[in-house]
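One structure below.
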Amino acid sequence: MGAKGTAAIDTTPVDLSAAVVIEAAEARAWADLYAAAPAEFAAAAGLGSVEVGGALVLRWAASGRRYFSRTIGLGVAAPATPVTLDEILDHYRACGIEMFLLQSLPRCRPAGYEGWLRDRGLEPFDAQDRIVRGSGPPGVAPPPLAHRELVVERVGPATADEWAEFLQRVYRLDTGTWLQALIGRAGWGQYVAREGGEIVAARGMFIGPDGIAWLGMDGPVPGITTEDHEPDAAICATIVADGLGRGVRRFIADIEAPTAEMDTPAYGYFSQLGFSRPYVRTHYARI
């Protein structure tokens, strides 16, 4: 695969009702992920989640990372209010968390929502392209370069520690035995790509009770911590095929290094796998 993507991705927007379903599906995955953490680890790490104003509010104080302390669905399922925003900010303040993100997307309500964020000292920090696909045929990811032999496998009890160690090393985080608790947990599947027998990439899938699958926990993150997109493309092709076999009716994920031109390899392989990009999510933070 070359340095640039070659397949245009569909950018047809979705309506509010679809955005509500999509954001709720991701929130459900993150809530379950945090709920899986052993109680002693969660308490020591300042990890947990609460719901405020119809939005999921994540916190992981020990991580020191904005991405793990953020809101999902704020202003989507229900209109945001100044009181809701202040409650969320007070929550982070009480938890001693200064590095956090609040999201905005085109379907956020009301019209003055982003102005309220700015009034509270928050500014656009970065963005993600939300990508989705339905239950159509799986499509085909671009094949790896001829000299590469990438093997994708689902993580099981025998490889749980190896996978967990890989993700902790990639993210530079200590997760204790938390990640291993996801292996065999209802709804979860974790996948790795190997090259020469060694793990070179990982990504997870959570299938909710509504048949919507969230794809995340990808490491290294294509376009951010690696420019090698091929292992992730191989994993995503396997995940989509596996998910369809398990009755998934919609898949959701993100391109975490978006470009206005949509010309990176991620757009190419996600498009070939049948994904579209209905909207952009902008993260607001105190910078």
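For this structure, a couple of remarks:
- The chain, accessible surface, carbon-and-sulfur percent (1.4 angstrom probe): 55 percent
- A Stokes-Einstein calculation at 20 °C with viscosity 1.002 mPa s, built on the Kirkwood radius of the range 33-138 over Cα pairs, returns a diffusion coefficient of 144 µm²/s.
- Selection of GluC sites (Glu not before Pro), the range 1-110, meeting DSSP coil and at most 14 other Cβ within 10 Å: Glu98
- Cα-based helix-to-principal-axis angle, 160-171 vs the chain, degrees rounded to 10: 60 degrees
- Helix 16-35 and the long axis of the chain differ in direction by around 80°, with both axes built from C-alpha atoms.
- Each part gets one Cα centre, and for the range 122-156 versus the range 212-279 those centres are 3 Å apart.
- The convex hull drawn around the Cα atoms of the range 87-196, when projected onto a plane and averaged over every direction, covers 11.8 nm².
- Sites listed here are trypsin sites (Lys or Arg not before Pro) in the range 132-177 whose DSSP assignment is loop and whose Cβ has at most 11 other Cβ atoms within 10 Å: Arg172.
- Added length on full extension, which subtracts the Cα-Cα distance from 0.36 nm per residue, Gln168 to Thr259: 30.0 nm
- With respect to the chain, whose longest principal axis is taken over its alpha-carbon atoms, helix 82-94 is tilted by about 70°.
- Every helix of 4 or more DSSP H residues in the chain counts as -39500 (n - 2.57), and over all residues that averages to -9000 deg cm²/dmol at 222 nm.
- The mean sequence separation of alpha-carbon pairs under 8 Å and at least six residues apart, normalised by the residue count of the range 1-141, gives a relative contact order of 19 percent.
- Overall, the chain carries a charge dipole of about 480 debye about its Cα centre when +1 sits on the Cβ of Lys and Arg and -1 on the Cβ of Asp and Glu, all other atoms neutral.
- Dipole magnitude for the range 16-68: computed about the Cα centre from +1 point charges on Lys and Arg Cβ and -1 point charges on Asp and Glu Cβ, it is near 180 debye.
- The range 109-206, dipole about Cα centre (Lys/Arg Cβ +1, Asp/Glu Cβ -1), debye to the nearest 20: 360 debye
- When you restrict to C-alpha pairs under 8 Å that are six or more residues apart and normalise by the size of the chain, the relative contact order lands at 30 percent.
The values are calculated or read from the model by the stated rules, or taken from the named source; none is laboratory data. Here the structure is a predicted model, which is why all the values come from computation and not from measurement. A quick note on method: Cβ atoms are made from the backbone with ideal geometry, for glycine too, and the neighbour counts reach across all protein chains shown. Ligands, DNA and RNA are excluded from the accessible area calculation, which covers all protein heavy atoms including side chains. Shrake-Rupley method; radii C 1.70, N 1.55, O 1.52, S 1.80 Å.
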